[in-house]
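Colleague: Encoded as structure tokens, here's the structure I'll be asking about.
The values are calculated or read from the model by the stated rules, or taken from the named source; none is laboratory data. As the structure is a prediction and not an experimental result, all values here were calculated from the model. Quick reminder, even Gly has a Cβ in these numbers, built from the backbone with ideal geometry, and neighbours come from all protein chains shown.
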């Protein structure tokens, strides 16, 4: 069955269903537009008959063109609104299947009318070929619709054409049904293969992008990524007039820790400290390693008072690492500042000055600077 109905690998299944359903809605819109034009032209041409279009011989065509035109036109208006619905909702799936079933029925009905008028079943082939492109990812449904359409065609031919040889029309309908499914099967396999390759490539690109933005040791943002985030968030903060606070953090006496316990131990301390810092920030905030034992925290839409509380919680969290490592006295100093319309360089200079004040006050402190001339002592 997997060869008859190709399916993506389990890792890609959910994404492929969303991708397929999204495309199917778009296909349905395109074909509805095409159908509204085709049936609209047929209806206008049919209206030239005047009152004759209500005669028994012309009434089936009148109903076919009118119903098909109205359905296609309503589909165009309705399907555009479906784009806002979840792509995996049962309602969206039902609309996709209903769209295809309707036009398969139109194809059968139109073919029967054409056969009875001596024109063959060419419309059936055209409509069935369109079906090949309208049910991406639902080949089992497509096969069922094709089967029922062909069965309906046979029954209609047998009922309405008993006095004529209909085997040519039946064989033509059967051949067109098989061709439609074969073409749809090949197209689906090709689309499925392309989707998996693109998904793998996208995943690889995401991993590469993460690696280029991630500090290899702490898994925080690296210097380039945190600098870019700071520029971006400062521009957004200025544009919307939202507060932005900045924390510059330095590990106290880190050189002595490295010298006394070794670089492997020092690296582990940096990892532990980075985890302690991350505990007290939100997903919208940014934490990066500036280099060595220095970190930078960007607090989005956070005023200085709240930033001060966050900084002190970080400081206390890092101090708790000492309960696990009794031989080493671990602490951090934090410099706090807030954006006040200055440049990136000026903001970093204020944070660096605040960090210097925290170190000068005896380390394991939080100090803030909000202007180049105004200093505020905190914790």
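Colleague: Among the listed residues 130, 63, identify the single one that is within 24 Å of residue 41 (Cβ to Cβ), at pLDDT below 85 and assigned to a helix (DSSP H, G or I).
Modeller: Only one candidate passes the filter, namely 130.
Yes/no per residue for (1) outside any helix (DSSP H, G or I); (2) over 30 Å from residue 121 (Cα atoms):
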position	(1), (2)
176	no, no
184	no, no
195	no, yes
242	yes, yes
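Colleague: Of the numbered conditions (1) touching a residue at least 60 places away in the same chain (Cβ under 8 Å); (2) within 27 Å of residue 232 (Cα to Cα); (3) not in a strand (DSSP E or B), residue 295 fails exactly one; give the number of that condition.
Modeller: If we test residue 295 against (1) touching a residue at least 60 places away in the same chain (Cβ under 8 Å); (2) within 27 Å of residue 232 (Cα to Cα); (3) not in a strand (DSSP E or B), just (3) comes out false.
Colleague: Taking the range 272-292, which residues are within 20 Å of residue 349 (Cβ to Cβ) and part of a loop (DSSP other than H, G, I, E, B)?
Modeller: Correct list: 292 only.
Colleague: Continuing with the same structure: Please state which of the following conditions residue 267 fails to meet, knowing it meets all the rest: (1) within 32 Å of the chain's Cα centre (by Cα); (2) surrounded by 12 or more Cβ atoms within 10 Å (Cβ to Cβ); (3) farther than 21 Å from residue 337 by Cβ.
Modeller: The one condition residue 267 does not meet is (1).
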